[in-house]
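The values are calculated or read from the model by the stated rules, or taken from the named source; none is laboratory data. This structure is a prediction, so every number in the text was calculated from the model and none was measured. Neighbour counts are summed over all protein chains in view; Cβ atoms, including those assigned to glycine, are modelled from backbone coordinates with ideal geometry.
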Ligand SMILES: [Zn+2]
C-alpha cells in the first residue's frame, strides 16, 4: 500500500518546506513538496488531503504502566481538592461499581487542607465494607480497606504495614501484587488495550512498558503480544522492560518475552510523595526519616555488569539524591570492572533522576546512560509551594529535575509520563520542559520535542523518530496549522494540539472520525 499525505506541513530534517509525505511498507518513502509528490503519487493507494495540518513524528512515551493506566478507567479519581470531597467521590463510586475490588487513584494529601491521607476506618465507611485499594498519586503507596486486608492477611507482617491502612514499601508492593490475583485476567487484557488506545489518541506511537515483579505479572507481556497480533500492528509499538535484578531467571524471562532490558522500575529507592525516596538529609516535613534505599552499591554494580555481559540494557528507578549517589557509585564500579566502552555500548538507562547532583551529569554522559525523565513532575510538584517544597524545603526543591543541565552535559534525555502517575499527554510534557519552574533547567521547544520523539527511539536502541525516507512511518497528523514551522502551541494556557490521525509503522492506530475520507 502506498499512502500519500499532501497539502500540509511536514516536520522533517531533510526538507524545510515539505508539504507532503509518502508511506510504503511501514516506512517513509517520500518527503517533499506537493509538486514532487504528484509523480510519486501516480500509483498511490490512498491520498489524504491535509488541508494545512501539521505532520510530525509520533511521540514516544519512555516510561509507562499500561495495565495500571487502563485500570484507572474503572478506578475512581480521588484527586479532589479536599479529603472530605475525595471520600464523597469514593462513596459515589462504591455505590455504582460492580468490580470485585474497588480501585481508586490520584489522591495527594499534600494538596489537601487536611494534610493527611484517609484512615482505614474512613475508607470502610465510604465503601460499605468492600475490598478497596486506593493508590496515592505517586503510585508508591496506597490506603486499603479492612476487607482488602482480610483478603490478603500476609500484609500485616510486612515492612511498611500500618494499622491505619496506609501501606508503603514491601507491604504496598505485596498489596499491588495481590490485586493481580483478585482481578480477572480479562480485566487486565481489556485494561492493556484501553491504555494503548488512549496513547494512540494522544499521538503516541511507541511506549516503553515498565513491567516489574512488584508492578505487573510477566503474563501482561504475552497479552500485549496477542493484542498486537489481533490488531495487525494498529496499536502503539510496545518496547518492553522488566524491572528485576539480573539473574539466570530474570535474564531468561527477558529473552523469552523480547524485553530490551532489565531496567525501568528496578527501584533504588521509592518516591518523594510517599517519603520513601532515599535522601542525603531527612525530609523537611518529617525529620524522622530520610527515605529508604532498596539497593546498595554492590547490587547496582552486579546488575550493570551482568546486563552489560548479557547484551541487555540495565537500569534503575532512582529519585532521591542518596539513591543517585548509590547508583552513580555502582555504575562507576561496573565501568571499572567491564570497561567504559562496554558500559557505553549497553545503553543503560535511569528512570526519573529527579535529584541528580549537576556535577554528576558529565559521568552519565561518559557512560552513555539515558536519563528517562517526566517533565510533568516539575509542572505538578515544582515551584515554591507544591510537593517538592513541602517535602524537601525550598533549597532542595529548586534543584530538582535538572533537564537543562543533563542536556548541556551531553546526556541523552528521553521524556515520558510514568502513566498513571501523570496521564499520557506528550504535548503537555514538551510544554512543561520548555516552561520548567526552575528557569535554568528549561530547554528550547525543538530540544523538548526531540526528547519526546527521537530520543525515545534511541533510548531503546532503535532507529526512528524522524520523518526521513527509510525511517519507520510512525507519525501523527495534528489538528493544528503550525504557528512556527517547528513546534506549535507551547504558550502556557493555549490549547494543545489534538491528534487527527496516528500511524504506527504505517498502520492506523488512531483516526478521528472521518480523518481518512
Ligand atoms: Zn514507573
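Values computed for the structure shown
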| read-out | value |
| --- | --- |
| Residue 359 more than 16 Å from the ligand (Cβ to nearest atom), free of Cβ contacts under 8 Å to residues at least 24 places away in the same chain and within 24 Å of residue 436 (Cβ to Cβ) | yes |
| Scan of segment 338-361 for residues that are farther than 16 Å from residue 311 by Cα and part of a helix (DSSP H, G or I), ordered by number | 358, 359, 360, 361 |
| Odd one out for residue 135, checked against (1) within 16 Å of the ligand (Cβ to nearest atom); (2) within 19 Å of the chain's Cα centre (by Cα); (3) more than 21 Å from residue 275 (Cβ to Cβ) | (3) |
| Members of segment 244-268 that are out of contact with any helix residue (DSSP H, G or I) (no Cβ under 6 Å at 6 or more places or on another chain) and surrounded by 24 or more Cβ atoms within 10 Å (Cβ to Cβ) | 254, 259, 261, 263, 264, 265, 266, 267 |
| Count - residues of segment 51-66 that are in contact with a helix residue (DSSP H, G or I) (Cβ under 7 Å, 6 or more places away or on another chain) and either within 12 Å of the ligand (Cβ to nearest atom) or more than 21 Å from residue 372 (Cβ to Cβ) (or both) | 3 |
| Hey, residue 315 within 16 Å of the ligand (Cβ to nearest atom) and either assigned to a loop (DSSP other than H, G, I, E, B) or within 22 Å of the chain's Cα centre (by Cα) (or both) or not | yes |
| Helices (runs of 4 or more DSSP H) wholly inside segment 34-131 containing at least 1 residues that are closer than 30 Å to residue 497 by Cβ and not assigned by TED's automatic domain parsing to the domain that holds residue 8 | 66-71 |
| Residue in segment 197-214 that is under 12 Å from residue 65 (Cα atoms) and free of Cβ contacts under 8 Å to residues at least 40 places away in the same chain present | no |
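Residue-by-condition table, conditions (1) out of contact with any strand residue (DSSP E or B) (no Cβ under 7 Å at 6 or more places or on another chain); (2) crowded, with 16+ Cβ neighbours inside 10 Å:
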{"position": "157", "(1), (2)": "yes, no"}
{"position": "160", "(1), (2)": "no, yes"}
{"position": "167", "(1), (2)": "no, yes"}
{"position": "173", "(1), (2)": "yes, yes"}
{"position": "183", "(1), (2)": "yes, yes"}
{"position": "193", "(1), (2)": "yes, yes"}
{"position": "198", "(1), (2)": "yes, yes"}
{"position": "202", "(1), (2)": "no, yes"}
